[in-house]
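For reference, the structure discussed in these notes is given below.
Values quoted throughout were computed directly from the atomic coordinates according to the rules given, and no laboratory measurement underlies them. Worth saying up front: this structure is predicted, and the values here are computed from it rather than measured. Using ideal geometry, Cβ is built from the backbone for each residue, glycine included, and neighbour counts are taken over all protein chains shown.
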Amino acid sequence: MVQKAKILLVDDRPENLLALEAILSALDQTLVRASSGEEALKALLTDDFAVILLDVQMPGMDGFETAAHIKRRERTRDIPIIFLTAINHGPHHTFRGYAAGAVDYISKPFDPWVLRAKVSVFVELYMKNCQLREQASLLRLQLEGGRTSADEARESAGLLAELSARLAAVEEQAEALSKQLDETADAATVATAAHLERKLTGLRRALDALEPGSGSVAG
């Protein structure tokens, strides 16, 4: 059973953290607060997160610097980062966010539904990735232990079929969200769509490699 995903909320203002929690509580995931870049980096040392919502304007270590540290760490470099900012200094400011490793850049005040929809896609991808890793581990244990009974083979095939169906549902959700956001034709849409496409393609290849007869199961 996959546990709830953790979402890291980073903002130096308590009222902003409360607002984010109110918006994202409907996702029924674990929301973790951090009131500074330093606090966020400490949380990332011990916990795995599906996505990070990172405020740009913070005293001390700002969002750009925090993101740079996150992307330099092997453990955390692939965690999606959504920048949140109350100001907009134009294309250069937005480009700096993407250069720092953000997959999206949202200006406050933001649409709660859009933010929740974007975060939910990354949560779904994270959950599917966890399920695939668990399934791959189970199959390796079975192969290494010589467990190849008909019942176990049917069980593995059933789990793979279920995972494939769930991943297909996420692919459809991501495609629908991408089409909806394409109407804005902004840089955020392009970056988010590209990131989702890469992640989904990787997950689909990993799942296909586990299918019987694929010849790609590692020993």
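The table that follows gives values for the structure above.
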quantity	calculated
Under 5 Å, built H, 5+ apart or other chain: amide partners of VAL51	LEU8
FRET efficiency, ARG72 to ALA168 (Cβ-Cβ, R0 30 Å, nearest 0.05)	0.30
J(HN,Hα) series, segment 122-131, from Karplus relation 6.51 cos²θ - 1.76 cosθ + 1.60, nearest Hz, glycine and proline x	5, 5, 4, 4, 4, 5, 5, 5, 4, 5
Cβ-defined net charge surrounding PRO14, 15 Å radius [Lys, Arg +1; Asp, Glu -1]	-4
Tail fraction, Cα-Cα pairs, segment 6-113, threshold 18 Å, whole percent	43 percent
Extended-chain gain in nm, criterion 0.36 nm per residue less alpha-carbon gap, ARG140 and GLN3	47.2 nm
Exposure proxy order (Cβ contacts within 10 Å, fewest to most) of LYS6, LYS128	LYS6, LYS128
